[in-house]
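Encoded as structure tokens, the structure appears first; notes follow it.
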Amino acid sequence: MVYLNGEFTPKNKAFVGVMDRGFLFGDGVYEVIPVYAGKIFRLSAHLARLQNSLDAIQINNPHSKAQWLEILQKLLTFSPAPNQSLYLQITRGADVSRKHSFNALSATVFAESNPLIPKTKTELENGFSAITQVDIRWQRCDIKSTSLLANVLYSQQAKQQKVEEVILHRDQLITEGATSNVFMIKDNVLFTHPTGAHILPGITRDLVLESAKFCKLKIQESALTLAKLLAADEVWISSSTREVMPITKVDGQLINNGKIGQHWSEVYDYYQSLKYA
Ligand code: PLP
């Protein structure tokens, strides 16, 4: 079952009109929210980011926080899975004709939930590979927009090259992954790109920073060169569905001789404790 514009409907019966601006222009925003043991994780942070995305593209939030909670909780009841990944999308809605500029429209609201099976620590300890690419995306990567063509192409490249992620760099500086935020450790200091127009302010990024603080790591929010990333002691990526994941090979080059770092292990453990706190 999915939620579409006020109704809960079987997925194969949920349809959106061809004039919907989400279909025509990718004119919409979305959120992905993990659910652990039936509890929606960091809902307020996700709804705050959703509000920022909506404000940035001038769509009125169609629901209050209480209404969102009601919709999302009802969706969760359709699956027995304790851990789920909620997806919600709001597009500007449908107009009578296709033009780039817009009128005030009734937003299209879609939400669904799927089982979430995060990798175990043992699986993660094998380490993962990434490749790097020039960041060709626009200058408003802080908006969680459904216009994801560049990210789609990067992810397809990752799939074809059998790597976990594509790490992006703009003007020689690492920004984030195609579908994740990027961290590196050098000499016991954790580095990650500062928030701003060039990255999505990941909710997991905040959780990783919170975990790193607990682990007494020094944190520096500054962008790094690709050369520094390749010479890192540890490289991690983070996202709501992957949590915090160690990258041990970048562009075919081993990070820390391919060994998982101790800092990752500690941050991972604390992160796990937050999920069920
Ligand atoms: N950056 C990009 C480009 C993403 O697509 C995502 C998640 O999909 C993230 C970062 C991580 O965001 P979050 O931790 O909120 O899932």
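When only the heavy atoms of the protein chains count and the probe is 1.4 Å, how do T146, T195, T175 rank by accessible area, highest first?
Working: T146 30, T195 80, T175 5 Å².
Ranked list, largest accessible area first: T195, T146, T175.
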message: Using only the Cα atoms of the chain, what are the Rg and Dmax in Å?
response: 19.3, 59
task: Select from S211, V182, A37 the residue farthest towards the positive end of the dipole of the chain; place +1 on Cβ of Lys and Arg, -1 on Cβ of Asp and Glu, and compute about the Cα centre.
output: A37
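Measure off, as a whole percent, the carbon and sulfur share of the 1.4 Å-probe accessible area of segment 82-233, all protein chains present.
On the way: 4140 of 7510 Å².
Looking at segment 82-233 in its full context, I get 55 percent from C and S.
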task: Would you mind calculating the relative contact order of the chain from Cα pairs under 8 angstrom and at least 6 residues apart, reporting the percent as a whole number?
output: 18
query: Looking at segment 203-248, what % of the alpha carbon pairs are farther apart than 17 Å?
result: 40
field: Calculated over segment 2-115: convex hull of Cα atoms, volume per residue (Å³)
entry: 95
- line: Rounded to the nearest 10 degrees, the helix 65-76 long axis (Cα) sits at an angle to the longest Cα principal axis of the chain of 80
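Kindly rank 264-273, 152-161, 70-79, 228-237 from highest to lowest mean number of other beta carbons found within 10 Å of each residue.
Working: 264-273: 18.1, 152-161: 14.0, 70-79: 15.6, 228-237: 20.4.
Top of the packing list down: 228-237, 264-273, 70-79, 152-161.
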- prompt: Hey, could you pull the Cα Rg and Dmax for segment 121-275, both in Å?
  reply: 14.2, 39
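Let's see if you can work this out: charge +1 on each Lys and Arg Cβ, -1 on each Asp and Glu Cβ, no other charges. What is the dipole magnitude of segment 153-277 about its Cα centre, in debye to the nearest 20?
Working: 13 positive and 14 negative charges, 25 e Å.
Charge dipole of segment 153-277: 120 debye, to the nearest 20.
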- prompt: Between Q172 and S273, what FRET efficiency comes out of the Förster formula 1/(1 + (r/R0)^6) with R0 = 45 Å and r the beta carbon distance, rounded to 0.05?
  reply: 0.75
query: Per residue, how much accessible area does the chain show when a 1.4 Å probe rolls over the protein heavy atoms, in square angstrom?
result: 49
query: Does anyone have the angle between helix 203-214 and the longest principal axis of the chain? Alpha-carbon axes, 0 to 90°, nearest 10?
result: 40
- line: Quick calc, the chain, dipole around Cα centre from Cβ unit charges on Lys, Arg (+) and Asp, Glu (-), nearest 20 debye, gives 300
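With +1 on the Cβ of every Lys and Arg and -1 on the Cβ of every Asp and Glu, and nothing else charged, how large is the dipole of segment 2-115 about its Cα centre, in debye rounded to the nearest 20?
Details: 11 positive and 8 negative charges, 20 e Å.
The dipole magnitude comes to about 100 debye.
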- prompt: Which distance in Å, rounded to a whole number, links the C-alpha centroids of segment 1-29 and segment 167-199?
  reply: 33
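The values are calculated or read from the model by the stated rules, or taken from the named source; none is laboratory data. Note that the structure is a prediction, hence the values are computed from the model and not measured. Every residue, glycine as well, gets a Cβ built from its backbone with ideal geometry; the counts of neighbours run over all protein chains shown. Just so you know, the surface numbers come from the protein's heavy atoms only, side chains and all, with ligands and any DNA or RNA stripped out. Shrake-Rupley method; radii C 1.70, N 1.55, O 1.52, S 1.80 Å.
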